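To start, the structure itself, in structure tokens.
The values are calculated or read from the model by the stated rules, or taken from the named source; none is laboratory data. Model, not experiment: these values are computed from the prediction. Here the Cβ is made from the backbone with ideal geometry for all residues, glycine too, and neighbour counts use every protein chain on show. The accessibility values were calculated without ligands, DNA or RNA, using every heavy atom of the protein model including side chains. Shrake-Rupley method; radii C 1.70, N 1.55, O 1.52, S 1.80 Å.
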Amino acid sequence: MFNIFVRNHSSAPSVAGIRNFENRHSANMASATTPVVSEQSARTTHLPMLDISKPPVIEGFTPLSRPREETFQEKFMRKSKENPFVPIGCLGTAGALMYGLRAFKQGKTRQSQLLMRGRIFAQGFTVVAIIFGVFTTALKKD
């Protein structure tokens, strides 16, 4: 009474095969309606190609524009203007370290010790400046 199709996975059934099946089994399925598929529409039916370079179009939805990514230099300048004490502390730390190492190499132990203590002070100043910047930024957003 019921026939089961077993088709090859590599190809779809042909339109002629579908028509032959419809003609043979039209008496058994008199109450059911079957759609008529023309040969041309079966051949030309293509799924639309998905273009991954563009976002999908959704009716009734307008996406927000993406902000332009800032470069390293722009971000550095913006952060330096927001909290200028951090770069000052970093430069002070690096300067004290360089002069302290140079004094150590020249054998000036007293000057080297003072510059290493100055480096520790500059590092502490930088950490305090970072913490201060974090708190002011957090308070600004409220």
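Worth pointing out:
- In Hz, Karplus ³J(HN,Hα) per residue of segment 115-120 (6.51, -1.76, 1.60; θ = phi - 60°; x = Gly, Pro): 5, 5, 5, x, 4, 4
- Net length available on complete extension from Lys79 to Arg66 is 2.6 nm, with 0.36 nm assigned per residue and the Cα-Cα distance removed.
- Cleavage-rule hits (trypsin sites (Lys or Arg not before Pro)) in segment 58-131: DSSP loop, at most 15 neighbouring Cβ within 10 angstrom: Arg68, Lys108
- Residues in segment 59-107 average 93 Å² of solvent-accessible surface per residue, probe 1.4 Å, ligands and nucleic acids excluded.
- Computed with a 1.4 Å probe over protein heavy atoms only, the accessible area of Ile131 comes to about 90 Å².
- Per-pair calculated FRET efficiency, R0 = 25 Å: Val134 and Gln113 via Cβ, rounded to 0.05: 0.15
- What a 1.4 Å probe finds exposed on segment 44-141 is 68% carbon and sulfur by accessible area, rounded to a whole percent.
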